[in-house]
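Engineer: Please read through the structure below; I'll follow up with questions.
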Amino acid sequence: MPAHAPTPAPTPSSPSSATSAAPKSADAENANSDRAAPNPNAAKGPRGALVARRVAWTVGGVVAVLIAVLLSLAVGARAVAPSAVLDALLHGARGDDAEVIRELRLPRTLIGLMVGAALALAGTALQGITRNPIADPGILGISQGASVGVVLAIAFAGVHTLTGYVWYAFAGAGIASVAVYAIASRGRGGATPVTLALGGAAINALLVSVTTAVLTTDAATMDEYRFWQVGSLAGRNAEVAGQVWPFLLVGTVLVVSVARGLDALALGEDMARGLGQNVAAVRILGGLGATVLTGVGVAAAGPIAFVGLAVPHLARALVGSDHRWLLPMAALIGPVMLLVSDVVGRIVFPPGEVPAGVMTALIGVPFLVTLVRRKAVPA
């Protein structure tokens with residue numbers, strides 16, 4: 001019987017080959033785990049960069065507001081050094097310069113801050129509500145309603161002071177906005193962007209006719225009204241600021257409360273409803289807030305042009321279309337635009353002054369033309 005050949009003993013692998021195989025398998029496992037595990041930094045990269053950019057622009061806006069305030073207090077027919085401004089405000093310094101700063105320029109600057117923020121927030125809200133990129137507080141006849149209130153106050157109520165104008169202008173703005181919404185909501189589809197714009201155009205034309213009819217038959221009213229109608233921060237005192245700031249606060253709260261609703265509304269009414277938003281409530285609260293803010297601005301400083309139109313576009317270019325960032329940015333840019341326009345108006349033709357309403361129009365018209373030429377304003 002043939003003998004079986006002995007089974008060859010397995011040859012032991014060398015230590016070097018064993019040790020080299022272990023790292024290779026470990027490296028392969030690490031590579032597979034790297035491919036399988038998501039990279040949180042990669043996921044957060046674009047969003048983190050967007051947030052960082054928004055924060056940076058917001059901080060820049062705060063710095064710009066501080067610089068504009070300093071310019072408004074220091075620059076004018078009588079230039080005052082920044083150190084003297086700080087002494088007058090913080091240390092109660094005495095003298096002619098200190099009195100000019102505290103009694104004249106400080107109230108003027110406060111009014112500029114409030115009016116600029118109010119008109120910018122109102123314009124941003126109205127552009128979101130109507131989904132109209134060229135909407136501003138004048139599109140719904142709000143500004144013209146305030147003008148009618150002032151004209152009637154001068155002609156028939158015997159009011160001849162800025163502090164008296166405030167309440168009539170505010171009432172006129174409110175009545176005009178209610179009339180526009182009532183007309184727009186009676187249509188088949190309710191208060192849509194188209195019906196709001198058409199209703200605003202109709203009410204605006206009617207109010208212009210009323211204003212013209214009163215002014216052409218009363219020369220004294222015409223003489224007094226034209227100084228208010230041009231829009232200016234000059235001559236405003238602390239009493240005016242004290243009257244309008246509560247309404248500014250209320251309007252700001254109303255507009256900010258519908259920020260998410262405005263974001264949803266930008267996607268369309270059906271999409272906004274699908275996201276759980278009450279479109280009618282968003283429009284009513286946002287429109288009410290915009291009306292209050294416009295009434296505040298027009299009542300305190302007269303009709304200031306282009307702040308409500310230009311500022312939302314500039315803010316949107318810096319921080320995007322998210323209204324949680326867009327509204328605060330607009331509230332920073334608006335005062336900067338108005339205060340800088342006021343400062344330029346003080347020094348462009350000394351010793352006289354060009355009203356801030358004229359300067360904002362001079363700045364706003366080229367800005368709007370640039371937006372259209374660059375197609376930054378959608379059709």
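The values are calculated or read from the model by the stated rules, or taken from the named source; none is laboratory data. Here the structure is a predicted model, which means the values were calculated and not measured. Quick reminder, even Gly has a Cβ in these numbers, built from the backbone with ideal geometry, and neighbours come from all protein chains shown. Ligands, DNA and RNA are excluded from the accessible area calculation, which covers all protein heavy atoms including side chains. Shrake-Rupley method; radii C 1.70, N 1.55, O 1.52, S 1.80 Å.
To keep it simple, each residue is scored yes or no on (1) part of a helix (DSSP H, G or I); (2) open to solvent by 60 Å² or more (accessible area, probe 1.4 Å); (3) small (Gly, Ala, Ser); (4) under 16 Å from residue 112 (Cβ atoms).
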{"residue": "220", "(1), (2), (3), (4)": "yes, yes, yes, no"}
{"residue": "223", "(1), (2), (3), (4)": "yes, yes, no, no"}
{"residue": "226", "(1), (2), (3), (4)": "yes, yes, no, no"}
{"residue": "233", "(1), (2), (3), (4)": "no, no, no, yes"}
{"residue": "244", "(1), (2), (3), (4)": "yes, no, no, yes"}
{"residue": "255", "(1), (2), (3), (4)": "yes, no, no, no"}
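Engineer: Next question, about the same structure. Considering (1) open to solvent by 10 Å² or more (accessible area, probe 1.4 Å); (2) of a type in the set (Ser, Thr, Tyr); (3) in contact (Cβ under 8 Å) with a residue 40 or more places away in the chain, say which one residue 147 fails and leave the rest.
Structural biologist: Unmet condition: (1).
Engineer: Being open to solvent by 30 Å² or more (accessible area, probe 1.4 Å) and among the aliphatic types (A, V, I, L, M) is the filter; apply it to segment 115-141 and report the residue that is modelled with the lowest pLDDT.
Structural biologist: Top of the filtered list is 139.
Engineer: Something else: Restricted to segment 81-99, and to residues that are among the aliphatic types (A, V, I, L, M) and under 22 Å from residue 116 (Cβ atoms), which residue is least open to solvent (accessible area, probe 1.4 Å)? Spell out the reasoning first.
Structural biologist: Within segment 81-99, the first condition is being among the aliphatic types (A, V, I, L, M), and the residues that meet it are 81, 84-86, 88-90, 93, 98.
Still in the list and also under 22 Å from residue 116 (Cβ atoms): 85, 89.
Working: 85: 2, 89: 72 Å².
Step by step, filter segment 81-99, then rank; the result is 85.
Engineer: If residue 132 passes every condition in (1) closer than 14 Å to residue 210 by Cβ; (2) outside any helix (DSSP H, G or I); (3) not hydrophobic (A, V, I, L, M, F, W, C) but one, which one does it miss?
Structural biologist: The failed condition is (1).
Engineer: Report, by residue number, each residue of segment 272-307 that is of a type in the set (S, T, N, Q) and surrounded by fewer than 24 Cβ atoms within 10 Å (Cβ to Cβ). Write out each step before concluding.
Structural biologist: Step one: of segment 272-307, the residues of a type in the set (S, T, N, Q) are 277-278, 291, 294.
277, 278 - these are the residues of segment 272-307 that are of a type in the set (S, T, N, Q) and surrounded by fewer than 24 Cβ atoms within 10 Å (Cβ to Cβ).
Engineer: Right, something else. Looking at 275, 318, which is the one that is more than 14 Å from residue 123 (Cβ to Cβ) and touching a residue at least 60 places away in the same chain (Cβ under 8 Å)?
Structural biologist: Numbers: 275 fails: touching a residue at least 60 places away in the same chain (Cβ under 8 Å).
So the residue among 275, 318 that is more than 14 Å from residue 123 (Cβ to Cβ) and touching a residue at least 60 places away in the same chain (Cβ under 8 Å) is 318.
Engineer: Separate question: Is it the case that residue 183 is assigned to a helix (DSSP H, G or I), of a type in the set (A, V, I, L, M, F, W, C), modelled with pLDDT of 85 or more and crowded, with 20+ Cβ neighbours inside 10 Å? Spell out the reasoning first.
Structural biologist: On the way: assigned to a helix (DSSP H, G or I): yes; of a type in the set (A, V, I, L, M, F, W, C): yes; modelled with pLDDT of 85 or more: yes; crowded, with 20+ Cβ neighbours inside 10 Å: no.
Judged against the criteria, residue 183 is not a match.
Engineer: So which residues in segment 257-286 are more than 17 Å from the chain's Cα centre (by Cα), among the hydrophobic types (A, V, I, L, M, F, W, C) and not in a helix (DSSP H, G or I), if there are any at all?
Structural biologist: 267, 275
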